[in-house]
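K.L.:
Below you will find the structure I want to go over with you.
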């Protein structure tokens, strides 16, 4: 048969020597120009439901890599049906090419039952989460060691980067933090005013706003805002640098990426978040005072006098003391997620989203643990 003959695939009647064997005759040139036609033929062939298959390649005039890959894929798909498949009659050079393709082709695996896939998915997700938690702990340990080293060697601190992060994460966040805390104070006072007025306990609006804002809502609200604002920015910045191989360049010239990218952000956020929490306390109290004046006719002077009696110093310091812990969580998660970026720009967006979700979840979890511990110690 000439080299230009069209490629064909034909299922013939069973061979005479073995009634259970079905012969599949391959003819023509199995090359790239014929692949489309061959694939259409494969789609229309009705393969027997039982019996072994013998592919006869004696009439194959030419076989290139594309044809060998298609032939090997056909052999593998038939083997997955539980039948014995063999090929005979190929030229030596074609047989060697087919063996090479078979050695580098990933075999097809049978589909797992739905229940097995579900259990396998749960186990895979658990293992992935466990590895991710171990990696996170290793990253935190590296940051702690780097931070302690910088305390004993202040010259290693990147002061310019530190001050820049103080400005971005601290001063530039004041308007949004102040506005939301102000509105939260108004909402709390408005919701409590009607109930307090029914019992003639108008003055206790200071207790309600003061304890809720200073002890719980101000640090939590500030941390959530900073997690969505600064934590996501950390993940996106470091992730972009990793995608453009800037982090690899830093390692190449002997610079530890954590010292220049993580520690300045971590230190800046630990310092600025308590200040932002204090700013949220003031803004929330001012919003509560305005609503108490409007709804309950409680003047600013009376409100502040009652606030001094209602809120102790320990309650105030409790809220401020949570802020550094929240800051450490937000900065650590954001930077760690940035280092986990790989592949493409889509990974940057994915890890940025994960950083915000994990930061908020861990902040709320830490706040709950603080509440339990403070309750134990009756603080």
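The values are calculated or read from the model by the stated rules, or taken from the named source; none is laboratory data. As the structure is a prediction and not an experimental result, all values here were calculated from the model. Cβ: placed from backbone, ideal geometry, glycine included. Neighbour counts: every protein chain shown.
K.L.:
If only one of 294, 233, 268, 249 is surrounded by fewer than 18 Cβ atoms within 10 Å (Cβ to Cβ) and closer than 24 Å to residue 150 by Cβ, which one is it?
P.N.:
The match here is 249.
K.L.:
Separate question: Within segment 63-77, is there a residue that is farther than 24 Å from residue 33 by Cβ and either surrounded by 10 or more Cβ atoms within 10 Å (Cβ to Cβ) or modelled with pLDDT of 75 or more (or both)? Explain how you work it out, then say what you get.
P.N.:
At the first step, the residues of segment 63-77 found to be farther than 24 Å from residue 33 by Cβ are none.
Checked against the condition, which is being farther than 24 Å from residue 33 by Cβ and either surrounded by 10 or more Cβ atoms within 10 Å (Cβ to Cβ) or modelled with pLDDT of 75 or more (or both), segment 63-77 yields no hits at all.
K.L.:
Mind checking which residues of segment 19-41 are modelled with pLDDT of 80 or more and in a helix (DSSP H, G or I)?
P.N.:
32, 33, 34, 35, 37, 38, 39, 40, 41
K.L.:
Looking at 252, 244, 240 in this structure, which one is on the phi < 0 side of the Ramachandran plot and in contact (Cβ under 8 Å) with a residue 12 or more places away in the chain?
P.N.:
Among 252, 244, 240, only 240 is on the phi < 0 side of the Ramachandran plot and in contact (Cβ under 8 Å) with a residue 12 or more places away in the chain.
K.L.:
Let me spell it out: the conditions are (1) in the same structural domain as residue 372 (by TED's automatic domain parsing); (2) closer than 22 Å to residue 331 by Cα, and residue 185 meets all of them except one. Which number is the exception?
P.N.:
Evaluating residue 185 over (1) in the same structural domain as residue 372 (by TED's automatic domain parsing); (2) closer than 22 Å to residue 331 by Cα leaves (2) as the failure.
K.L.:
Can I ask one more? Tell me whether segment 46-53 contains one or more residues that are at pLDDT below 80, within 20 Å of residue 90 (Cα to Cα) and surrounded by 12 or more Cβ atoms within 10 Å (Cβ to Cβ).
P.N.:
Yes, segment 46-53 contains a residue that is at pLDDT below 80, within 20 Å of residue 90 (Cα to Cα) and surrounded by 12 or more Cβ atoms within 10 Å (Cβ to Cβ).
K.L.:
Check off (1) modelled with pLDDT of 70 or more; (2) not in a helix (DSSP H, G or I) for residue 112 and give me the number that stays unchecked.
P.N.:
(1)
K.L.:
May I pose another question? In segment 148-164, how many residues are outside any helix (DSSP H, G or I) and farther than 12 Å from residue 260 by Cβ?
P.N.:
Final tally of qualifying residues: 1.
K.L.:
Would you check if residue 302 is surrounded by 13 or more Cβ atoms within 10 Å (Cβ to Cβ) and farther than 14 Å from residue 210 by Cβ?
P.N.:
no
K.L.:
Now for a different question. Let me confirm something: among 356, 341, which residue is within 27 Å of residue 230 (Cβ to Cβ), touching a residue at least 60 places away in the same chain (Cβ under 8 Å) and not in a helix (DSSP H, G or I)? Before the answer, list the steps.
P.N.:
On the way: 356 fails: not in a helix (DSSP H, G or I).
Among 356, 341, only 341 is within 27 Å of residue 230 (Cβ to Cβ), touching a residue at least 60 places away in the same chain (Cβ under 8 Å) and not in a helix (DSSP H, G or I).
K.L.:
If we scan segment 174-185, do we find a residue that is outside any helix (DSSP H, G or I) and surrounded by 17 or more Cβ atoms within 10 Å (Cβ to Cβ)?
P.N.:
no
K.L.:
With the requirement that a residue be touching a helix residue (DSSP H, G or I) at 6+ places or on another chain (Cβ under 8 Å) and modelled with pLDDT under 90, what does segment 195-204 give you?
P.N.:
Of everything in segment 195-204, those that are touching a helix residue (DSSP H, G or I) at 6+ places or on another chain (Cβ under 8 Å) and modelled with pLDDT under 90 turn out to be 196, 197, 202, 203.
K.L.:
Now for a separate question. If you go through segment 202-209 one residue at a time, do you hit one that is touching a residue at least 60 places away in the same chain (Cβ under 8 Å), buried (at least 24 other Cβ atoms within 10 Å of the Cβ), closer than 29 Å to residue 332 by Cα and under 37 Å from the mean Cα position of the chain (by Cα)?
P.N.:
Scanning segment 202-209, I find no residue that is touching a residue at least 60 places away in the same chain (Cβ under 8 Å), buried (at least 24 other Cβ atoms within 10 Å of the Cβ), closer than 29 Å to residue 332 by Cα and under 37 Å from the mean Cα position of the chain (by Cα), so the answer is no.
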